[in-house]
């Protein structure tokens, strides 16, 4: 069942305006976190009308959640151009996720803002969360490489969940970025042991 009209593809000019809105939200969140991102300020910084912002994003939470989708898509593209090294699936997965952690550690205000938005009940933000889950699963799956156990997708998805929940702990101040790395290593060691991943 289709809920509402199927969205049409954006023109190049519309894509550029939408990206300016995302870029403006990123800049504001980098400086002041979640509270600093106000739709009026986003419109002013992006040099678009308020109506244009709401044409692409139903709410502030939708906008911020969409910035994480954009960020993970960029990470995915960078990893495709320069895949993580490592002789085992686990080493490659940690290499890929460590790239994300290093970038996030440099911009905690932005990360806190987008993760706050992901917790929103806004249906559009929830859709973005689902997109991030799929993207992270793809990043982990490609880092694993040719080893293909029958439950590969499940393992990749669980690693993505550990990544997400460990980051929430860092954002909320009861963990550290180093602890996030350590928890990912534990999860990867359990789910991707050094021996070949084969069907039993």
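Points worth noting:
- Against the test of being touching a residue at least 40 places away in the same chain (Cβ under 8 Å), in contact with a helix residue (DSSP H, G or I) (Cβ under 9 Å, 6 or more places away or on another chain), crowded, with 22+ Cβ neighbours inside 10 Å and assigned to a helix (DSSP H, G or I), the options 79, 97 yield a single qualifying residue, 97.
- Subset of the stretch 133-147 (residues that are surrounded by fewer than 20 Cβ atoms within 10 Å (Cβ to Cβ) and either assigned to a helix (DSSP H, G or I) or at pLDDT 90 or above (or both)): 133, 134, 135, 138, 141, 142
- Check on residue 47, more than 22 Å from residue 125 (Cα to Cα) and without any contact (Cβ under 8 Å) to a residue 40 or more places away in the chain: yes
A quick yes/no check of all residues on (1) at pLDDT 95 or above; (2) at positive phi:
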residue: 43; (1), (2): yes, no
residue: 60; (1), (2): yes, no
residue: 63; (1), (2): yes, no
residue: 68; (1), (2): no, no
residue: 76; (1), (2): no, no
residue: 79; (1), (2): no, no
residue: 86; (1), (2): no, yes
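- Set 37, 69: member being surrounded by 18 or more Cβ atoms within 10 Å (Cβ to Cβ), under 19 Å from the mean Cα position of the chain (by Cα) and under 23 Å from residue 98 (Cβ atoms): 69
- Search result, residues across the stretch 82-94 that are surrounded by fewer than 20 Cβ atoms within 10 Å (Cβ to Cβ) and in a helix (DSSP H, G or I): 91
- Test for residue 24: is it in a helix (DSSP H, G or I), surrounded by 20 or more Cβ atoms within 10 Å (Cβ to Cβ) and without any contact (Cβ under 8 Å) to a residue 40 or more places away in the chain: yes
The values are calculated or read from the model by the stated rules, or taken from the named source; none is laboratory data. For clarity, every value in this text was computed on a predicted model and none was experimentally measured. Quick reminder, even Gly has a Cβ in these numbers, built from the backbone with ideal geometry, and neighbours come from all protein chains shown.
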